[in-house]
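Report on the structure given below.
The values are calculated or read from the model by the stated rules, or taken from the named source; none is laboratory data. Since the structure is predicted, the reported quantities are computational estimates derived from the model, not experimental observations. Every residue, glycine among them, receives a Cβ derived from its backbone with ideal geometry; neighbour counts consider all protein chains shown.
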Amino acid sequence: METIVIIEDNAEIRTLLQMRLREEGYTVHVAEDGEAGLALVRAQRPRAVLLDLMMPKLHGYAVCQAICSDPALADTRVIISSAKGYPADKQKAHEMGAWAYLVKPYDFDELASTLARAVESVGPPMRVKFWGTRGSIPTPGRATQRYGGNTSCVEVRVGNDILMLDCGTGAREMGLALASESQGKPVEVHILVGHTHWDHIQGFPFFQPAYGAGNRLTIYSLRGTDKSLEKVFTGQMDASYFPVSVADMAAHLQFVELDGEVQIGGVRVSHVYLNHPGVAIGFRLTAGSKSLVYVSDHEPYWRMNGDNEHNRRLEKEIDDFARDADLYIREAQYTPEEYRLKRTWGHSTWPDALDSAHSAGARRLALYHHDPQRSDDALDQIVRQCHQYMHEHAMVFNCLAAADNLELTL
């Protein structure tokens, strides 16, 4: 039986919930104030906590933050329950790590369903590290020190499985880190390539594990418009462009041209077509009930081809693909003003990313594929504009700008 802790100062609600949840098969402990509730959670290490916000002695936000920041409670899911249904309160709860937010009065079936999903969500964590978040071309320099200048590369780990989303210039640093970590032991990496434009593959020749005998690299993407996936990668290392050939790579290389879902260890990988010049796809990684969606280089159909039912339906397919994602990594290269000059270049604006995350019901949005002209200060300004836009449109997910070396755990 799973253990649940209820932190609720209303005695009638507390007693009713305890009775109903015990009938559902849970082991239930209760506390009537925030201070006692936090102590109870630390002692019992429950699978889930049902937490009211306006608690005596210690406010619910403080309790939530203490639970979600404690490594010993990494498998505990916090469900906020409150009569306060303001978007700002929901946003704050998610920022502090709350798994869900229920507005009182809620239906017991809704609570039971939410608890069931919370219990099922516990499993090996999905660890995410951004190695490159820039679009189009690397941008090293003083103006990009905080968010970074490497092009697209994201590391995802689930247990012992190592996946890489795109291999732009950020792949060089990821490869060095893997080589240092492995201490000469064999490394296996699965590289998922959204498309083969230069900024998404230019780190491959500098990926150190590719040169280590005994290492295994599997590269997944679609077949190119006029050549195989393998020829695209070998072509960029032709002697006309690069002094070392693919044949000099000692690792075992395998190229997989996708035609459907693939299972990589404990991770299920699916893909969706994107609106970008050439052949481009986005990925969804699912491990247990955790999910990450990666949509880089996508221009909304309705923006490019006209706001009509057909194009809105195509765009809804992208939103549906990202449905309920724990982390939605979404390109947001342009401001609305910039887009007017760069329509048909294959990229989104930051409001497009926000609207998609909201429509999809994503829990967290990471703005990605930053424009090479965008300085750290300019990105800070965009994040502030995003939060204002979210407030005006009652959006409650967590939003941040991805940065090189940023680490997240799902």
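Some values worked out for this structure:
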read-out: Residue match in segment 84-100 (condition: in contact with a Ser or Thr (Cβ under 6 Å, 6 or more places away or on another chain), under 26 Å from Ser291 (Cα atoms) and surrounded by 18 or more Cβ atoms within 10 Å (Cβ to Cβ)); value: yes
read-out: Cross-chain or 6+ apart pairs with Cβ under 6 Å, segment 275-294 first and in a loop (DSSP other than H, G, I, E, B), then of a type in the set (Asp, Glu); value: Asn275/Glu299; His276/Asp297; Ala280/Asp297; Ser289/Glu120
read-out: Per-region count, segment 192-221, residues over 15 Å from Ala247 (Cα atoms) and either outside the structural domain of Asp161 (by TED's automatic domain parsing) or in contact with a Leu (Cβ under 6 Å, 6 or more places away or on another chain) (or both); value: 3
read-out: Among the residues listed as Gln254, Gln263, the single one being assigned by TED's automatic domain parsing to the domain that holds Arg134, more than 30 Å from Thr139 (Cβ to Cβ) and within 23 Å of the chain's Cα centre (by Cα); value: Gln263
read-out: Residue within segment 299-307 that is within 30 Å of Glu120 (Cα to Cα), out of contact with any strand residue (DSSP E or B) (no Cβ under 7 Å at 6 or more places or on another chain) and charged (D, E, K, R) present; value: no
read-out: Cβ-Cβ under 8 Å pairs, at least 6 apart or on other chains, segment 376-401 side more than 30 Å from Pro140 (Cβ to Cβ) and outside the structural domain of Glu95 (by TED's automatic domain parsing), far side among the aliphatic types (A, V, I, L, M) and loosely packed, with under 15 Cβ neighbours inside 10 Å; value: His391/Ala88
read-out: Any hit, segment 40-58, residues being among the charged types (D, E, K, R), buried (at least 21 other Cβ atoms within 10 Å of the Cβ) and over 26 Å from the mean Cα position of the chain (by Cα); value: yes
read-out: Within segment 215-269, tally of residues that are touching a residue at least 12 places away in the same chain (Cβ under 8 Å) and either at positive phi or of a type outside the set (A, V, I, L, M, F, W, C) (or both); value: 19
read-out: Filter result (crowded, with 19+ Cβ neighbours inside 10 Å and either out of contact with any helix residue (DSSP H, G or I) (no Cβ under 8 Å at 6 or more places or on another chain) or over 29 Å from Leu274 (Cα atoms) (or both)) within segment 192-219; value: Leu192, His195, His197, Asp199, His200, Gln202, Pro205, Gln208, Pro209, Gly212, Asn215
read-out: Test: residue in segment 338-350 that is farther than 27 Å from Arg157 by Cα, among the polar types (S, T, N, Q), assigned by TED's automatic domain parsing to the domain that holds Pro140 and within 18 Å of the chain's Cα centre (by Cα); value: yes
read-out: Matching option when the condition is crowded, with 17+ Cβ neighbours inside 10 Å and within 27 Å of Glu23 (Cα to Cα), among Ile162, Ile67; value: Ile67
read-out: Pick from segment 69-104, criterion of a type in the set (Ser, Thr, Tyr) and in a loop (DSSP other than H, G, I, E, B), ranking: farthest from the chain's Cα centre (by Cα); value: Tyr86
read-out: Elements of type helices (runs of 4 or more DSSP H) contained in segment 148-246, each with 2 or more residues being under 23 Å from the mean Cα position of the chain (by Cα); value: 170-182, 198-201
read-out: Segment 70-83 - residue that is small (Gly, Ala, Ser) and surrounded by 14 or more Cβ atoms within 10 Å (Cβ to Cβ) and, of those, farthest from Leu408 (Cα to Cα); value: Ser82
read-out: Helices (runs of 4 or more DSSP H) contained in segment 331-393 and holding at least 2 residues within 22 Å of Gly148 (Cα to Cα) and touching a strand residue (DSSP E or B) at 6+ places or on another chain (Cβ under 9 Å); value: 350-360, 376-392
read-out: Odd one out for Glu338, checked against (1) in contact (Cβ under 8 Å) with a residue 24 or more places away in the chain; (2) within 25 Å of Ala394 (Cβ to Cβ); (3) of a type in the set (Asp, Glu); value: (2)
